[in-house]
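Asker: Before I ask anything, here is the structure I am working with.
The numbers here are math on the coordinates, done by the rules we state, and not lab data. These figures come from a predicted structure and were not determined experimentally. Because the Cβ atoms are built from the backbone with ideal geometry, glycine has one as well, and the counts that use them run over all protein chains shown.
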Amino acid sequence: MNSVQSIFFGIREYLSPVLKNSKFKETGCITPEEFIAAGDFLVYKCPTWKWEGGEVTKRRDYLPIEKQFLITKNVPCLRRVKQMEYTDEDDETQIETENGEDAWVATHSGRATTNIEEIAQIEGEEDEISKTISNIVLDDANANDKEEVDVPDINDIPDMDDLGDGVAEDDDPATLADASNTRKSAHDDGPSDKILQVRTYDVFITYDKYYQTPRMWLFGYDEHRRPLTSIQTFEDISQDYAKKTVTIETHPHLNMSLASIHPCRHAQVMKKIIEKMNEEGIKKFELLQQQSAESNVEQAQVRVDQYLIIFLKFMSSVVPTIDYDHTICA
Amino acid sequence: MSSNLVQFVPFSSAVEAPFWHTLSTRKIDVYKLDDTPQSILGYYSVGYSLRSQHDTEANITMPARLYLGTGAFDTDATSLPPFTYPSPGAIKNTNTIEEFKNLDKNALFRETAEQIWKDIISGAAIKDPYLLTRFILVTFADLKKYKYHYWFGFPALLTEPPWAIVNNDIKDIDEVWDNTEIKALRENYDKFRQLQSGSCTGFFLVKQLSNKEIAIGSLSEWNSFFDGCSDEERIVGFADPSGLPSNPGWPLRNLLVLLKRHWNVHKIKVICYREIPSKKDIINSRILTIEIPDTTTIPDECPKAVGWEKNLSGKLSPRTVDLAHMMDPIKLSDTSV
């Protein structure tokens, strides 16, 4: 089933022409060249992202050899979507921490975030989040119980009983024995620090030639660094999307299957966000013009190399608990 | 007294799933029945804490992880993720579960520790300090069931008596230095990282200059860099995979042995360099002074070493990962596109 689909997608991608002329403001789509420019800008602004070449046999010839896709690794994901409190106040605080040199993003990021939700509703995606999300906060006791259930008993596995034989180590007083113990720092009375095993994700962005948009892929590990199953991954995706637009497919540049947010709606949503941001930008530009004559209207408009930063903000409404870097800092 | 001892945070292994896929392919296509140890390259990043949003909760610290990625077999440090540090290792993949069971793991661990010791004595670890983080990985790949049994060893050479924290005093970097100095440290270390090869960037020398400048040097510059400095003015820094406030990470242990062996250092100020790369924030970094009695000598033979990773139940035993649920689709995908 999966393989038939993949063949079909492969052929469809092969047949669709490579987008040459920039239409990102009109359609929300970008060309491979624009994808590269936006990727370079992302890597420059958020250096935890990196370009990769991927499998040699899977290279796309419309992308440079070393810039086939973007990746950021080991992104912490503290809690499941259903545990997240989802309020407008949260969005506000988030915005305040993003004040950077590029004032336009700082000013509009909040509105963009809100817009995405509005747009999601316009698009007919019913916003179930507020209904389904109860105000569960991370409960340590429960988490621990769950972890114990998750740990496979090594003794249950035949052949494993005596694998540790022959290896012995003296107790070493200079080794921190159990790092998961809560430990007070030596000098202050603040909250104690502890090592918490959390889920982590490797996040990929590829260029989807058929939809002419970026596409996000997720590969997750559980608290004990075991790969997540697709069902577990769905726990970290906003319920609206998990049911409709997330699929498990083969990575276009690697030999692995992983969850991907399907890009069929990306262009539409991106177009709306960019339009909103441009409107806000012009309003702000007019305001600035009254104060000083030094700004020009071009600066108030979204540039195509900022596309991926905006895209990642959009995606963070789909995977709100995966804390990848998309902030523009000084 | 024992509360003064430095307690180091051991590495927690973190193997990326594609690594196992690559191991399977190489086992079938390249190694076949050859089970001699192969060089691999792991990596680690610095530790950090996530501030709790609720006052009642503890701050959350990520474990000190040592990662093995897809590129581990290429042993090419330039392919590692940004803001990470290479760690050289060897993988011994046995052909059967019995061989895995009966393998003289102590001997392998000992060999690895002795290699670290040799690199310290010869000075190779001064030129390429990442040799201090050498590790060993023993595996058995059950290719039919997509099951992998594995065990990491991260040898740390022991000093007798162990290192102690002077005055039991570990401070946040901003308790010791002001913002100008912290910024100078961050910027100059950034430059250092860009100029040096990956094998050097995890360990470095620091000194305060007049006018709040901070200079960064490589271990190989020790004599010229600290020329004219008093013992108190000498600072070593290391990229610290630990994020815990009172506990430096594992890589510091072998560095201290090297410092003692080559420059007879028995008391030194240490910067545990920790950063949040996306925020250009090194506020989690810690400063401490550690010492051993100045009568301590390090013998000519390789000291004892510890560092087998414990399993999830805290026992000295291997771990197992079952990838059946994802390896089958991988096979499918290979033939489909």
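Asker: For labels at residue A:283 and residue B:194 in the simple 7 Å Cα→Cβ model, what's the distance in nm?
Answerer: Roughly 3.9 nm, to one decimal.
Asker: Using amide H atoms built in the peptide plane, which far-off residues or other-chain residues are under 5 Å from residue A:69 H to H?
Answerer: Those qualifying (amide H under 5 Å, at least 5 residues apart or on another chain) are A:52.
Asker: Determine the gain in length on full extension of the stretch residue A:230-residue A:25; use 0.36 nm per residue of separation and subtract their C-alpha separation, reporting nm with one decimal.
Answerer: So the extension gain works out to 70.3 nm.
Asker: I've got another one for you. Taking the beta-carbon count within 10 Å as an exposure proxy, list B:222, B:308 from fewest neighbours to most.
Answerer: Lowest to highest Cβ neighbour count: B:222, B:308.
Asker: Can you give the percent of C-alpha pairs in the range B:164-291 whose distance is more than 19 Å?
Answerer: 45
Asker: So what is the relative contact order of chain B, in percent, for Cα pairs below 8 Å that sit 6 or more residues apart?
Answerer: Relative contact order for chain B comes out at 23 percent.
Asker: Something else now. Mind checking which of B:32, B:269, B:92 has the largest fluctuation in a GNM of chain B, springs on alpha carbons under 10 Å?
Answerer: Highest fluctuation of the listed residues: B:32.
Asker: Give me A:264, A:77, B:272, A:29 ranked fewest to most by other Cβ atoms within 10 Å of their Cβ, as a rough exposure proxy.
Answerer: The order, fewest Cβ neighbours first, is A:264, A:29, A:77, B:272.
Asker: Then there is this: Report, largest value first, the span of the C-alpha coordinates of chain B along each principal axis, in whole Å.
Answerer: Projected onto the principal axes, the Cα atoms of chain B cover 64, 48, 41 Å.
Asker: Calculate, for residue B:283 and residue B:121, the FRET efficiency according to 1/(1 + (r/R0)^6) with r their C-beta to C-beta distance and R0 30 Å; round to the nearest 0.05.
Answerer: Using R0 = 30 Å, I get an efficiency of 0.20.
Asker: Through the Karplus equation 6.51 cos²θ - 1.76 cosθ + 1.60, θ set to phi - 60°, convert the phi angles of the range A:264-270 into ³J(HN,Hα) values in whole Hz; use x for Gly and Pro.
Answerer: Whole-Hz 3J(HN,Hα) from phi for the range A:264-270: 4, 9, 4, 4, 4, 5, 4.
Asker: Another question, then. Could you list which residues have their amide H under 5 Å from that of residue B:6, counting only those 5 or more apart in sequence or on another chain, with H placed in the peptide plane?
Answerer: Here the answer is B:163, B:164, B:165, since their amide H atoms fall under 5 Å of that of residue B:6.
Asker: Take the Cα gyration tensor of the range A:197-320, multiply each eigenvalue by 5, square-root it, and list the three semi-axes largest first, rounded to whole angstrom.
Answerer: 36, 15, 13
Asker: Could you work out how far the C-alpha centroid of the range B:246-269 sits from that of the range B:196-220, in angstrom?
Answerer: When both Cα centres are located, 16 Å separates them.
Asker: Taking every DSSP beta bridge that has both residues in chain B, what percent is antiparallel when rounded to the nearest 5?
Answerer: DSSP beta bridges in chain B are roughly 75 percent antiparallel.
Asker: Give me the net charge for the shell around residue B:197: Cβ to Cβ below 13 angstrom, other residues only, Lys and Arg +1, Asp and Glu -1.
Answerer: 0
Asker: Shifting gears a bit: Apply 1/(1 + (r/R0)^6) to the Cβ-Cβ distance of residue A:62 and residue B:321, taking R0 = 51 Å, and write down the FRET efficiency to the nearest 0.05.
Answerer: So, using R0 = 51 Å, E works out to roughly 0.90.
Asker: Once both labels are modelled 7 Å past Cα along the beta-carbon direction, what's the residue B:183-residue B:169 spacing in nm?
Answerer: Distance between the two pseudo-spin positions: 2.7 nm.
Asker: Kindly put B:263, B:20 in sequence by how many other C-beta atoms sit within 10 Å of each C-beta, fewest to most.
Answerer: Starting with the residue having the fewest Cβ neighbours, the order is B:263, B:20.
Asker: Return a whole-number percent for the relative contact order of the range A:237-286, with Cα pairs under 8 Å and 6 or more residues apart as the contact set.
Answerer: Dividing the mean separation by the residue count of the range A:237-286 yields 23 percent.
Asker: A further question follows. Note down the nm distance, to one decimal, between modelled labels 7 Å out along Cα→Cβ at residue B:294 and at residue A:222.
Answerer: According to this spin-label approximation, the distance is 5.5 nm.
Asker: Here's another thing I want to ask about it. Which whole-Hz ³J(HN,Hα) couplings does the range B:165-178 yield from phi under the Karplus relation 6.51 cos²θ - 1.76 cosθ + 1.60, θ = phi - 60°, glycine and proline marked x?
Answerer: 8, 5, 6, 6, 10, 10, 10, 5, 4, 7, 7, 9, 10, 8
Asker: Using θ = phi - 60° and the Karplus relation 6.51 cos²θ - 1.76 cosθ + 1.60, list the HN-Hα couplings for the range A:235-252 in order, rounded to whole Hz, with x at every Gly or Pro.
Answerer: 5, 9, 10, 3, 3, 4, 7, 3, 6, 9, 10, 10, 10, 9, 9, 7, 4, x
Asker: How many percent of DSSP beta bridges within the range B:164-291 run antiparallel, rounded to 5? Don't jump to the answer; show the numbers that get you there.
Answerer: Working: 20 of 25 bridges.
Looking only at bridges with both residues in the range B:164-291, the antiparallel portion is about 80 percent.
Asker: Going 7 Å from the Cα of residue B:208 toward and past its Cβ, which residues in the range B:285-319 have a backbone nitrogen under 17 Å from where you end up?
Answerer: B:285-290
Asker: Please work out the FRET efficiency for the pair residue B:144 and residue A:170, using the Cβ-Cβ distance as r and a Förster radius of 22 Å; give the result to the nearest 0.05.
Answerer: Efficiency, rounded to the nearest 0.05: 0.05.
Asker: Pairs of alpha-carbon atoms within less than 8 angstrom and 6+ residues apart define the contacts here; what relative contact order does the range B:164-291 have, in percent? Each step should come with its number before you reach the end.
Answerer: Numbers: 187 pairs, mean separation 39.0, N = 128.
After rounding, I find 31 percent.
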